[in-house]
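I have placed the structure first, in the form of structure tokens, so that the comments after it can refer back to it.
Readers should treat all values here as calculations from the given coordinates under stated rules, not as data from a laboratory. All of these numbers come straight from a predicted model, not from anything done at the bench. Neighbour counts run over all protein chains shown; Cβ positions are idealised from the backbone, glycine included.
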Amino acid sequence: MQELWSDDPKVVGEEIIRIVGQRIPVTLFQKGLNPQKLTPSEIFTKETGPLLLFTKNAPFQAPKDPCLLLYQRQNQPMRGFHATPVLETTGELGVRFPTSIIIIQRRKHPRYATSPRSVATFTRKASQYLNHGIIKNISIEGARVVGKFSQHIQKGDKLSPLSMTLRLKFGDFEEKATAPEAIVRQVIEIDQETREFGLQFTLKGTDRENLERYLAICSIENSPPNAT
């Protein structure tokens, strides 16, 4: 859910100066298109008003329509602002200085369906057999995975580590997150070979930030058009 964080020019200006000064990574998101990662580089003034300039992390052509730019300061909720690209080169992108900033608020532990291309690998603790599976859905504290998993894994077992590659329904954007340990909370036998696990885990640091960013984008991807 998107909520207004501030439309006070002073507060917005200080926040933008902060993300530029700290080079906080920004994700350009437009529903239905592949998100792109940017690095804020500078603020400069033109006759039409101040512009916020970004360095592209990889080459791409910016959308002509309004888009959403998301960022996350350490230990803070995801924030962002709507903008329309007005300046573009091969390596840079400029947008008009934002007039307001939104905050992405999620329910306590919402669960989102993932792309079928989202995958997980893990081993049962003290085992060397590597299991591969597809992530069906995920939240900040757990995931549901399905695959031809070892029959030795049972409810209550610990998996270590759980490595996840999370992809969206559109494009090749992905986030990676690794849980040092996950607990099998539910086991469903789909057929003689295929099993489904409900997993619980706790992420910290960069891994948690990556998952939070992925979930924030999922919340927008699943929101109704023009939802605010």
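So, in region 48-95, how many residues would count as being in contact (Cβ under 8 Å) with a residue 24 or more places away in the chain, not aromatic (Phe, Trp, Tyr) and not in a loop (DSSP other than H, G, I, E, B)?
So the count comes out to 21.
Hey, among the residues in region 96-142 that are outside any strand (DSSP E or B) and touching an Asp or Glu at 6+ places or on another chain (Cβ under 6 Å), which one's farthest from Glu181 (Cα to Cα)?
Ranking the qualifying residues of region 96-142, first place goes to Ser100.
For region 150-186, which positions are under 15 Å from Thr206 (Cβ atoms) and in contact with a Pro (Cβ under 8 Å, 6 or more places away or on another chain)?
Pro161, Thr178, Ala179, Pro180
Do you know which residues across region 129-145 are of a type in the set (Ser, Thr, Tyr) and within 16 Å of Tyr214 (Cα to Cα)?
Scanning region 129-145 gives a single hit, Ser139.
Which residues, counting only those in region 116-143, are aliphatic (A, V, I, L, M) and more than 15 Å from Ser163 (Cβ to Cβ)?
Ala126, Ile140, listed by residue number.
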